[in-house]
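Here the structure comes first, spelled out in structure tokens, and everything after it is commentary.
The values are calculated or read from the model by the stated rules, or taken from the named source; none is laboratory data. In this text, all values refer to a predicted model and were calculated from it rather than measured experimentally. Here Cβ is always computed from backbone atoms with ideal geometry, including for glycine, and neighbour counts include all displayed protein chains. These accessible areas exclude ligands, DNA and RNA; they are computed on the full protein's heavy atoms, side chains included. Shrake-Rupley method; radii C 1.70, N 1.55, O 1.52, S 1.80 Å.
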Amino acid sequence: QSYSYYAIIPPMSPLYKAGILYRPYEEFSIKDLLSNPLVLTSAGSAIRRQIDHILQHYHIQPTILMESSNIYTVAELAKQNLGVTLVPQHVLSVQPDAQYNLVELPQKLISLKYFIAHAANKTLTASEKGLIDSFMTLTNVPKKLT
């Protein structure tokens with residue numbers, strides 16, 4: 001299952017437009033977006049590795065204002081006007097009177113993928129089957145993948 005990432009653009013960014021919560025990705029270049037001062041997860045985290053890959057691919061020298069090991073903290077710092085960030089969709093909690101813009105990024109650029117696997121010849125315990133069933137329900141994945 002893949003989930004989108006969103007850019008949080010606070011008022012401190014020259015890309016910010018007041019009164020608009022969701023903005024289309026086509027209004028931006030990824031280079032312009034990531035050339036803003038950034039708030040990111042700590043170096044080495046899974047999310048940060050994806051962002052670092054984008055930065056390298058587009059030859060962007062980032063200005064990182066702050067790092068945190070907690071993605072929810074990163075999102076809140078961006079919402080509080082500290083810098084631009086990229087977060088997975090499940091991290092977002094949107095207030096109706098939000099003073100920031102959200103931009104859904106193309107999944108071909110960055111996405112979060114969840115998977116669960118086990119050896120085909122393994123006999124699963126009841127708790128392992130329960131875990132897999134819960135995962136499949138939560139992620140809306142078909143029961144049997146080929």
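List of remarks:
- Probe 1.4 Å - accessible area at S68, Å² to nearest ten: 20 Å²
- Here K79 is the anchor, and the aspartates and glutamates within straight C-alpha reach of less than 13 Å, apart from those fewer than 8 places off in the same chain, are D97.
- Cβ-derived FRET efficiency at R0 25 Å, E27 paired with H53, nearest 0.05: 0.60
- Taking each residue as 0.36 nm, the span from A98 to A119 lengthens on full extension beyond its C-alpha to C-alpha distance by 3.0 nm.
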